[in-house]
Amino acid sequence: MKEKFFVLVFLLLFSIITTPLIKPISSTNNGFNDAFTYKVIKGDSLWGIGMKFDKKNIEEFLVETKKLNNLVNSEIFEDQILIIP
């Protein structure tokens, strides 16, 4: 009986201690919680895509989109799938 009690207490304490450590990791999305994908069509540019989705700060959109998609510049290609922040 004591053994079951100690196991229960251990599991309870373990879950209380580890939950704050796990939650931030699982909820971290590089700050892009509402990100979605977009398939580039002919004639698209990152600037135009930002305008299409009514981004208020286009420069911030460009930086975030390039970072999220591992782009070194603003060059994109037809049929490319982008993650849009």
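What follows is calculated from the coordinates using simple rules that are stated; it is not laboratory data. On a predicted model such as this, the values are computed, not experimentally measured, just so you know. As a convention, Cβ positions derive from the backbone with ideal geometry for all residues, glycine included, and neighbour counts pool all protein chains shown.
Counting alpha carbon pairs within less than 8 Å and at least 6 residues apart, what relative contact order, in whole percent, applies to segment 36-84? After rounding, I find 61 percent. The local environment of VAL40, defined by Cβ-Cβ distances under 15 Å, has a net charge of 0 under the rule Lys, Arg +1 and Asp, Glu -1. Each of the peptides 43-52, 8-17 was scored by the mean count of other Cβ atoms within 10 Å over its residues; in descending order, highest first, they stand as 43-52, 8-17. Couplings 3J(HN,Hα) for segment 60-76, derived from phi with the Karplus relation 6.51 cos²θ - 1.76 cosθ + 1.60 (θ = phi - 60°), are 5, 4, 4, 4, 5, 5, 5, 5, 5, 9, 6, 8, 8, 8, 8, 6, 10 Hz, where x marks Gly and Pro.
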